[in-house]
Amino acid sequence: MNAIEMKNVSKSFGDFAIQNLNFELPQGAICGLVGENGAGKSTTIRLLMDALRPDSGEISVLGVDTRSPEFQQVKEDVGVVMDEAYFPETLNARQVGSIMADTYARWDAETYDGFIRRFDLPPSKAFKNYSRGMTMKLAIAVALSHSPRLLVLDEATSGLDPIVRDEILELFSEFTRDEEHSILISSHIVSDLEKLCDYIAFLHKGRLRFCMEKDALRDEYGIVSCTKTQLANLPREAVCGVEKSPYGARALVKRKLVSSALQLDRPNIEDVILFLVKGEKQA
Amino acid sequence: MKALLKKDIFVLIRQMRLFLVMIIIFSVLPGVNMTTFAIVYCGMLPYVAMAYDERSKWTELAAMMPYTPGDIVLSKYTLGWMAIGFATVLSTAAHLILGRIFPSAYSLALSEVFPSLCIGFIMMAVTLPLMFRFGVEKGRLLFILLIVVLACGGGALVQGMVGFDGEIPVALNTFFSLGIPALAVVLTAISVPLSIVMYNRCSV
């Protein structure tokens, strides 16, 4: 079963539109949703949590259509973390726990208290006085304390220092050790996603450019460093993006479409994305 | 809905201490005007809670949690009804107890408190759908406009009906004792589903 399925989903806001989005997240997998600011990542997340209605297309989460009345029950199985905590700032961790206990049927106060201790969060301090890292940890503690099967994380690691980010990524890895657990995480910190994810989905200007297994993606492309003359001799359809300098050029190419004699470096995900965006601008 | 009410109460107790003290003071001061003030203040608490929700972006998060639109809308009405009920009970108790000590000051009949309670309900019923549709910022302006129109219009109407001799006509008395409660019930019955529609329209 797929944890998330989006079929031909479109949503228009006048000056911006999600266009014909097709996307699947298999159960047990972690998918990173990458894209620049304004690419449509948060809109996609709002669509799949039924906080926004699509103009067309179908969305199902954990096997249930998001427009059906049963989806209300499915929200019990989804832990959501946004780019900030989004709780009224005068609340403290203890009050948040008390509110969530009346929100989620499977709320586990012991698990929550365990996270509060593990994250060293002061339970009686209003969380407006927390650091950003502490705020995000509180939001993550809430998301993980009602036995979710799916975590939906919207820029949950942005603005955090590398140590806190690493600690949080480790927690997400722990979560997916259960094969029924899945994560959709949006971020523009590609290195985080590369560390954590099985799949990478790249959203650009409201369109899904690709959604592939991380390793398959890195295998599909290669980076060639060459002179401008060598670049001109490469098959046009093989070149996805070019970076020129006074000394030569670097190009992202499709491995299958170039000669196997050509010396290719294995790109990281960030390389692939940057070259693809450049390629689009150059086209 | 219990969770949402709890959240609003936590926030209001923390942020609105002075406001809550004023409600208590107005409730125990003698006279129907003071009671009406307290009730109108209580009727405004849902807007205050909504303003804090908007500021913290709670509304966005709540849309992704297992709350139905009905839960979200009804929690604000319930908060207002509970607050109005609290002010009414407090005012009634103050008049009953203090009326024995200061009979001349606390001469308010209990029947005079009831129309104030209904006015509080009517005020919420009329304004909350606007708040859910336009947000607290714009909704508040419409609320002020509505209060001015109602106060001026109602005042002029009552003055016109009472006349120079100061005698309250039977029709006006009947309106206060039957018409206002009926209006409160009818408007509330329309207002709650209307607010749910407005809330849904806003989240589309």
Diffusion coefficient in µm²/s returned for the protein assembly as shown by Stokes-Einstein, Kirkwood Rh over C-alpha pairs, 20 °C and 1.002 mPa s, is 82
For B:PHE86 the rounded accessible area (nearest 10 Å², probe 1.4 Å, non-protein molecules ignored) is 110
Using amide H atoms built in the peptide plane, which far-off residues or other-chain residues are under 5 Å from A:GLY241 H to H?
A:LEU252
Under 5 Å from the placed amide H of A:SER186, counting only residues 5+ away or on other chains, we find A:LEU33, A:LEU153, A:ASP154, A:GLU155, A:ALA156
Within 10 Å of each candidate Cβ there may be at most 12 other Cβ atoms; applying that plus a DSSP loop requirement, which trypsin sites (Lys or Arg not before Pro) in region A:230-271 survive?
none
Residues with amide H under 5 Å of A:LYS125's amide H, sequence separation 5 or more or different chain, H placed in the peptide plane at 1.01 Å from N; which?
A:ALA93
Based on the alpha-carbon set only, what is the convex hull volume of region B:6-144 divided per residue, in Å³?
104
Just B:ILE190, B:ILE119, B:ILE39 to compare: in a GNM of chain B, with alpha carbon springs under 10 Å, which one fluctuates most?
B:ILE190
Relative to the longest principal axis of chain A, what angle (0 to 90°, nearest 10) does the C-alpha long axis of helix A:109-118 take?
60
Note the full-extension length gain between B:LYS138 and B:ARG55 as 0.36 nm times their separation in residues minus their Cα-Cα distance, in nm to one decimal.
28.5 nm
Protein-protein interface of region A:30-54, residues with accessible area decrease of at least 40 Å², isolated chain reference, 1.4 Å probe
A:ALA51, A:ARG53
Report the far tail of the P(r) of region B:27-94, meaning the percent of Cα-Cα pairs longer than 20 Å.
39
Per the Kirkwood formula over distinct C-alpha pairs, the hydrodynamic radius of region A:114-186 in angstrom is 12.8
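If you take the accessible area of B alone plus A alone and subtract the pair, what total do you get in square angstrom, rounded to 100, with a 1.4 Å probe?
Values: alone 11670 and 13890 Å², together 23000 Å².
Accessible area lost upon association: around 2600 Å².
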For n ≥ 4 DSSP H runs only, could you compute -39500 (n - 2.57) per run for chain B, divide by its residues and tell me the 222 nm figure to the nearest 500?
-29000 deg cm²/dmol
Magnitude of the Cβ-charge dipole (Lys and Arg +1, Asp and Glu -1) of the protein assembly as shown about the Cα centre, nearest 20 debye, reported as 900
Anything losing 20 Å² or more of accessible area from the isolated chain to the full protein assembly: pick those residues out of region B:2-29, probe 1.4 Å, ligands and DNA/RNA ignored.
B:LYS2, B:ALA3, B:LYS6, B:LYS7, B:PHE10, B:VAL11, B:ARG14, B:GLN15
Label model pair A:ARG106, A:ASP161: point-to-point distance (7 angstrom along the Cα→beta-carbon line) in nm is 3.6
Given a Förster distance of 56 Å, report the FRET efficiency between A:MET212 and B:VAL170 from their Cβ-Cβ distance, rounded to the nearest 0.05.
0.10
The Cα extents of chain A along the principal axes, largest first and rounded to whole Å, are 67, 41, 37
Mind giving me the nanometre distance, one decimal, between the label points for A:ARG94 and A:GLN73, set 7 Å out from Cα along Cα→Cβ?
3.6
Buried by partner chains in region A:85-105 (accessible area down by at least 50 Å² vs chain alone, 1.4 Å probe, heavy atoms, protein only) are A:TYR86, A:PRO88, A:THR90, A:ILE99, A:ASP102, A:THR103
Once the in-chain neighbours fewer than 8 apart are removed, the aspartates and glutamates whose Cα is under 14 Å from A:LYS214 read A:ASP192, A:GLU194, A:ASP198, A:GLU270, A:ASP271
Can you tell me the dipole magnitude for chain A around its Cα centre, using point charges on the Cβ only (Lys, Arg +1; Asp, Glu -1), in Debye to the nearest 20?
1080
Considering only DSSP states other than H, G, I, E and B, which trypsin sites (Lys or Arg not before Pro) in region A:110-211 qualify as loop sites with at most 12 other Cβ atoms within 10 Å?
A:ARG177
Test of understanding: in a Gaussian network model of chain A with alpha carbons linked when under 10 Å, which of A:PRO148, A:PRO122, A:PRO54 would top the mean-square fluctuation ranking?
A:PRO122
Give the residue from B:SER75, A:LEU151, A:ALA251 lying farthest towards the positive end of the charge dipole for the protein assembly as shown; charges sit on Cβ (+1 for Lys and Arg, -1 for Asp and Glu) and the dipole is referred to the Cα centre.
A:ALA251
Report for region A:137-283 the percent antiparallel among DSSP-assigned beta bridges with both residues inside it, nearest 5.
80
With at most 16 other Cβ atoms within 10 Å, longest stretch of chain A clear of loop GluC sites (Glu not before Pro) (DSSP)
A:71-178
Once the Cα atoms of helix B:17-28 and of chain B are each reduced to a long axis, what angle between those two axes, in degrees from 0 to 90 to the nearest 10, is obtained?
30
Give the percent of DSSP beta bridges with both residues in the protein assembly as shown that are antiparallel, rounded to the nearest 5.
65
For region A:217-282, size of Cβ-based charge dipole, Lys and Arg +1, Asp and Glu -1, in debye:
180
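In whole percent, and with a 1.4 Å probe on the protein chains, what portion of the accessible area of chain A is carbon and sulfur?
Taking all protein chains in place, chain A shows 45 percent carbon and sulfur surface.
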GNM, chain B, Cα, under 10 Å: largest mean-square fluctuation among B:PRO69, B:PRO115, B:PRO169?
B:PRO169
Pairs of lysines in region B:2-203 (C-alpha under 18 Å apart; 8 or more residues apart or interchain):
8
Measuring from label point to label point, each 7 Å out along Cα→Cβ, what is the A:GLU174 to B:ARG201 span in nm?
4.7
If you fit an axis through the alpha-carbon atoms of helix A:132-144 and take the longest principal axis of the Cα set of chain A, what angle between them do you get, 0 to 90°, nearest 10?
70
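The values are calculated or read from the model by the stated rules, or taken from the named source; none is laboratory data. These numbers were taken from a predicted model, which means no experiment stands behind them. Note: ideal-geometry Cβ built from the backbone for every residue, glycine included; neighbour counts use all protein chains shown. Quick note on the areas: whole protein, heavy atoms, side chains included, nothing else; ligands and nucleic acids left out. Shrake-Rupley method; radii C 1.70, N 1.55, O 1.52, S 1.80 Å.
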